[in-house]
Amino acid sequence: MVRQWFTMATEHTAVKTYADILKSMLAVVLLLLMSVSAEPKVVTIGASLSSERYQHQFKLAVEALNRRPQLQNSLQFNSTSILMDGNPIRSALDVCDKLLAEQVFTVVVSHPNSSFQAPISVSYTCGYYNIPVIGISARDSAFSDINVHKMFLRTVPPYSHQADVWVAMLEQLGWYRVIFVYSADEEGRAILSRFQTLAEPKEIKIDRTIKYMPGQTNYTEDLVQIHNLEARVILLTAATDDAEVLFSDAESCGLMAEDFAWIVSERAFNAATTPIGVLGLHLVNGTDEEKHISDAVDIVFDAFTRVSPSALDSPPPSKCSDLDNWQSGEVILAALKSTKMSGQTGQLSFTELGDRLDAMYEIMNMNTSRRQVAVGLYGGIQVSSVKPPQVVGADQEPLRMSKNITWPGGVTVKPKGLRIKRNLTVVTLGEIPFVNVEKMPADGICKRLNAKSNSFPCYNFTSGTTHCCSGYCIDMLENIAANVSFNFTIHLSSDGLYGSFERRNGSESKQWNGMMGELIDGKADLIVAPLTINPERAAYIDFTKPFKYQGLNILVRKTQKDSSLASFLQPFQDTLWILVGLSVHVVALVLYLLDRFSPFGRFKLAKSEDTEEDALNLSSAMWFSWGVLLNSGIGEGTPRSFSARVLGMVWAGFAMIIVASYTANLAAFLVLDRPEALISGIDDPRLRNPTENFRYATVKGSAVEMYFKRQVELSTMYRNMEDKNYHTAEDAIEAVRKGELHAFIWDSPRLEYEAANDCDLTTAGDLFGRSGLGIGLRKNSHWTHPVSLAVLELHESGFMEELDNRWILVDSKSQCPEGNSAPATLGLTNMAGVFMMVAGGIVAGVLLIFIEIAYKRHRGLKEKELELARNAADRWRGNIEKRRTLRQTLQKQREEQMRAANAVGMKQQEALTQGNSMTPYRRSPLLEGAGSNATGVSHFSPPQPLPPHFTSSHSARGHFAHSPGGVRTGRTVTWHNPAHNPDFSVI
């Protein structure tokens with residue numbers, strides 16, 4: 001028919017115009033398209049089923065697709081099916097010879113009639129040629145591996161999806177700690193992996209995973225360890241045969257008691273020995289092959305109605321010898337996986353791996369009559385065995401469970417899921433102020449410290465002695481124990497360490513030591529100590545909410561200047577002090593010289609009798625110079641000359657500047673002088689670029705050491721202090737006090753406590769490496785949640801702040817000065833030098849006064865001797881003068897007497913001559929007057945010298961007669977001349 005239309009069009013084109021030719025060609029094309037569209041695309045669906053019955057059911061379901069109005073003659077579905085052989089090789093050959101020969105677009109596969117063997121051979125064969133396979137009974141987890149079964153999807157969920165139901169059940173029942181028992185095969189590993197993934201966001205913890213080998217006849221050794229665990233909820237995944245043995249061994253081990261709860265997988269629940277009270281699962285319509293065939297055909301119909309028609313143009317392979325890869329198969333598989341519809345088995349949807357989602361499970365329970373009864377439903381519909389009044393929870397929730405559940409032991413009360421232990425063992429170590437360890441009193445009773453703090457016995461296994469423990473953590477533990485209702489006993493860490501992950505005794509495997517090791521090994525239930533929360537520890541134990549937030553800090557000794565006796569000299573350097581002292585004396589000398597040589601100065605000669613102010617001598621100039629410098633009053637000895645006064649004014653200005661500078665620097669050196677830290681903080685160059693002269697360290701095996709080891713930028717510091725770290729914080733702090741260690745890096749609360757109690761210590765820089773201190777518990781411990789709540793309540797009530805003031809800040813009773821910028825009060829240590837200077841001045845004054853007295857006494861003797869010599873000399877000169885005067889007087893008298901005598905003689909001679917007569921001799925009146933002295937000598941004689949013993953108390957007076965002139969002469973002479981010569985005579 002197509003050829004006839006083409007011939008007619010050709011004949012017409014010979015006589016038509018060019019436009020008519022185009023119209024004719026378009027008409028031909030339309031006719032061709034109409035003829036092609038009139039033929040529907042044929043899609044053949046293959047199947048490999050377990051029985052002829054299901055083959056017939058499959059054929060009917062496919063034929064029903066062609067009657068659906070959605071096709072509109074665009075598609076036509078055909079079916080072809082085979083019986084699945086139990087032999088995988090024959091099954092694969094049947095696929096090649098019978099199914100591929102029909103060019104099937106997809107294959108629906110079940111299982112052999114005689115067993116539930118997985119259709120692995122069908123999946124391999126079809127997957128090689130990119131033919132999609134829909135499994136309706138295969139639940140093995142191996143089919144979820146898209147690298148092996150890349151073209152496989154299924155209408156039933158894998159066994160591993162039971163973990164979804166388990167997590168929902170645990171959350172609704174309020175159980176958050178479980179024991180997971182699984183087989184050492186692919187199914188066991190798959191369900192464990194999925195459970196761990198789903199449980200982690202729900203904070204469901206696995207206390208322990210117990211792996212067993214399938215096929216064994218006794219599992220007692222694997223199950224007996226459950227008794228030592230706190231969790232009492234057991235999840236079991238096992239095949240039916242293994243479950244029968246496991247249940248029997250569990251009952252013999254006492255694991256089916258009232259405080260236990262068992263949730264098992266589908267196959268395990270079908271065991272003949274399933275005990276009373278066990279909860280299991282059952283997949284709704286999981287084994288209804290007829291419904292799954294119907295859902296599989298509907299999925300194919302939905303996918304092919306949405307797939308692009310071009311994907312159907314490429315025919316699928318027709319035989320196994322075709323090596324070409326069918327590209328359309330991947331397009332059809334993507335359409336199948338994207339299907340979302342409601343089917344006879346429930347809501348149908350798939351994951352990227354091809355696994356069924358939204359499957360429905362019944363929650364099954366073995367009652368006291370040993371009958372399996374449904375007590376809940378996980379999915380979108382209800383089953384008849386669960387009555388509506390008994391269903392709890394909202395309709396929107398995927399899980400709904402009945403309250404009427406029989407538990408192990410035949411009880412109807414839900415187990416707590418945990419072994420409640422009320423007597424807890426607490427491990428700690430001495431760490432002031434958090435834990436103070438003191439000797440036990442003689443009476444063996446630890447006394448209460450005060451109304452707010454108590455002390456408890458704490459045993460030391462290393463020394464075998466009991467001590468009394470108190471402090472921040474002990475007060476907190478006492479309060480938490482009262483709130484959460486548990487008893488406790490305390491013991492000290494056997495090795496005194498917090499805990500580090502390292503090799504023990506040269507072994508290759510690493511283990512925790514210290515308190516961490518004791519907690520993990522089950523020797524303790526709680527760690528109550530200043531234990532830092534870090535990732536390394538949190539991977540092995542649980543932590544409560546932090547009871548104290550803290551960081552790391554650096555403890556150093558305060559670097560304060562030595563308050564020596566010369567502290568008041570610190571404002572100036574030695575050179576400046578020398579120059580100031582030299583300037584005082586130079587200026588004094590220049591003032592003296594200027595005033596000395598100035599014509600207007602006050603300098604007077606010593607012999608001057610002027611009564612004006614004394615002249616400016618060198619001593620006065622020195623006094624003036626020091627008085628101006630020290631700002632003391634100048635009462636005398638000031639310069640008078642203009643030149644000297646100009647220099648005095650300049651010197652006063654100099655003194656003002658020096659005194660002001662000294663006062664300002666004194667305030668800086670003494671008043672505001674506070675002890676400072678040796679380093680500035682963690683970024684100090686002496687820490688970042690360490691030298692041998694600067695030592696810093698922390699505690700071995702502590703969280704601080706882990707912090708430095710973990711931080712790449714602090715690796716240099718870690719390597720430098722790795723071999724210098726101390727065993728305990730007490731040893732390191734004592735080394736800082738002694739100066740053996742320059743800096744100690746540790747938790748800020750402890751360092752703040754030490755700085756508050758020891759004024760010689762201080763913290764340097766800001767906090768770094770901020771973290772929290774928490775209480776450590778074993779992994780998935782029942783007490784983690786209640787203890788955390790108790791810690792939060794203590795924070796809200798202000799109890800933790802009270803503990804800070806009581807133990808760390810010491811109730812703010814520290815006697816150390818606060819580290820602020822306010823001026824400090826000067827003490828005796830700062831000004832001792834000034835007082836010593838005053839005392840020195842007093843001592844110097846006393847010494848000088850004795851020297852002056854001695855000097856004055858010595859000088860007085862000298863002056864007295866000189867005075868005596870001067871007096872003697874004066875007397876000697878007076879005597880010499882007197883004698884000279886006397887000689888002169890006597891000489892004159894002699895001369896007068898001689899003249900008088902001569903005159904008398906001449907007169908007598910004249911008289912004799914005149915009288916020529918001889919008259920008797922008569923003394924002249926002058927001689928008579930001279931002879932009438934006190935000595936009674938009748939004749940004149942010269943004065944005789946005094947005897948040698950004549951002293952100043954004896955005197956001799958000479959009485960002379962009045963001279964003819966009528967004048968009386970006389971002198972009192974005192975003789976006291978050691979140099980007097982007794983043989984001296986007056987001539």
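General remarks:
- For the condition modelled with pLDDT under 90, under 30 Å from Glu289 (Cα atoms) and not β-branched (Val, Ile, Thr), Leu71 qualifies.
- Neighbours by Cβ (under 9 Å, 6+ apart or cross-chain): first from the range 707-732, not assigned by the TED database to the domain that holds Tyr498 and part of a helix (DSSP H, G or I); second among the small types (Gly, Ala, Ser) and exposed (fewer than 15 other Cβ atoms within 10 Å of the Cβ): Phe708/Ser715; Lys709/Ser715
- Flag for Glu200 being within 18 Å of Lys779 (Cβ to Cβ), of a type outside the set (Gly, Ala, Ser) and open to solvent by 60 Å² or more (accessible area, probe 1.4 Å): yes
- Check on Arg90, in a helix (DSSP H, G or I) and within 20 Å of Thr287 (Cα to Cα): no
- Hey, Asn720 among the polar types (S, T, N, Q) and surrounded by fewer than 17 Cβ atoms within 10 Å (Cβ to Cβ) or not: no
Every residue, every condition in (1) over 20 Å from Ala703 (Cβ atoms); (2) assigned to a helix (DSSP H, G or I); (3) within 23 Å of the chain's Cα centre (by Cα); (4) in contact (Cβ under 8 Å) with a residue 60 or more places away in the chain, yes or no:
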| site | (1), (2), (3), (4) |
| --- | --- |
| Phe768 | no, no, yes, yes |
| Leu773 | no, no, yes, yes |
| Leu777 | no, no, no, yes |
| Leu792 | yes, yes, yes, yes |
| Glu796 | yes, yes, no, no |
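- Apart from one condition, Ile299 fits all of (1) closer than 28 Å to Thr240 by Cα; (2) buried (at least 17 other Cβ atoms within 10 Å of the Cβ); the exception is (1).
Rundown of residues vs (1) closer than 27 Å to Leu792 by Cβ; (2) open to solvent by 80 Å² or more (accessible area, probe 1.4 Å); (3) more than 29 Å from the chain's Cα centre (by Cα); (4) not aliphatic (A, V, I, L, M), yes/no style:
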position	(1), (2), (3), (4)
Thr412	no, yes, yes, yes
Cys446	no, no, yes, yes
Ala451	yes, yes, yes, no
Gly471	yes, no, no, yes
Glu478	yes, no, no, yes
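- So Leu223, is it touching a Cys at 6+ places or on another chain (Cβ under 9 Å), of a type outside the set (S, T, N, Q) and either at negative phi or open to solvent by less than 10 Å² (accessible area, probe 1.4 Å) (or both): yes
- Selection of the range 143-194 for residues being part of a helix (DSSP H, G or I), open to solvent by less than 30 Å² (accessible area, probe 1.4 Å) and farther than 30 Å from Cys126 by Cβ yields Val165, Trp166, Val167, Ala168, Met169, Leu170, Leu173, Leu192.
- The range 344-371, residues that are surrounded by fewer than 18 Cβ atoms within 10 Å (Cβ to Cβ), touching a residue at least 12 places away in the same chain (Cβ under 8 Å) and not in a loop (DSSP other than H, G, I, E, B): Gln347, Leu357
- Screening the range 124-142 for residues that are closer than 22 Å to Glu266 by Cβ and open to solvent by less than 10 Å² (accessible area, probe 1.4 Å) and picking the one that is nearest to the chain's Cα centre (by Cα) gives Ala138.
- Out of Ala790, Ala755, Ala764, Ala743, sole residue that is surrounded by 19 or more Cβ atoms within 10 Å (Cβ to Cβ) and either within 26 Å of Val178 (Cα to Cα) or assigned by the TED database to the domain that holds Asp207 (or both): Ala790
- Test: residue in the range 833-852 that is part of a helix (DSSP H, G or I), modelled with pLDDT of 60 or more and under 30 Å from Ile775 (Cβ atoms): no
- Among the residues of the range 736-766, those that are aliphatic (A, V, I, L, M), farther than 18 Å from Pro433 by Cα and assigned to a strand (DSSP E or B) comprise Ala743, Ala764.
- Options Arg894, Arg875, Arg887; residue that is open to solvent by 50 Å² or more (accessible area, probe 1.4 Å), in a helix (DSSP H, G or I) and at pLDDT 85 or above: Arg875
- In the range 263-286 there is at least one residue that is outside the structural domain of Thr106 (by the TED database), open to solvent by 40 Å² or more (accessible area, probe 1.4 Å), within 30 Å of Thr106 (Cα to Cα) and within 56 Å of the chain's Cα centre (by Cα).
- Hits in the range 701-710 (condition: at pLDDT below 85 and surrounded by fewer than 19 Cβ atoms within 10 Å (Cβ to Cβ)): Arg710
- Hey, Arg419 free of Cβ contacts under 8 Å to residues at least 24 places away in the same chain and either open to solvent by less than 40 Å² (accessible area, probe 1.4 Å) or of a type in the set (Lys, Arg) (or both) or not: no
- In summary, Ser48 fulfils each of the numbered conditions (1) of a type in the set (Gly, Ala, Ser); (2) modelled with pLDDT under 90; (3) surrounded by 16 or more Cβ atoms within 10 Å (Cβ to Cβ) with the single exception of condition (2).
The values are calculated or read from the model by the stated rules, or taken from the named source; none is laboratory data. Being a predicted model, the structure only gives us computed values, none of them experimental. Quick reminder, even Gly has a Cβ in these numbers, built from the backbone with ideal geometry, and neighbours come from all protein chains shown. In case anyone asks, the SASA skips ligands and DNA or RNA and just uses the protein heavy atoms, side chains included. Shrake-Rupley method; radii C 1.70, N 1.55, O 1.52, S 1.80 Å.
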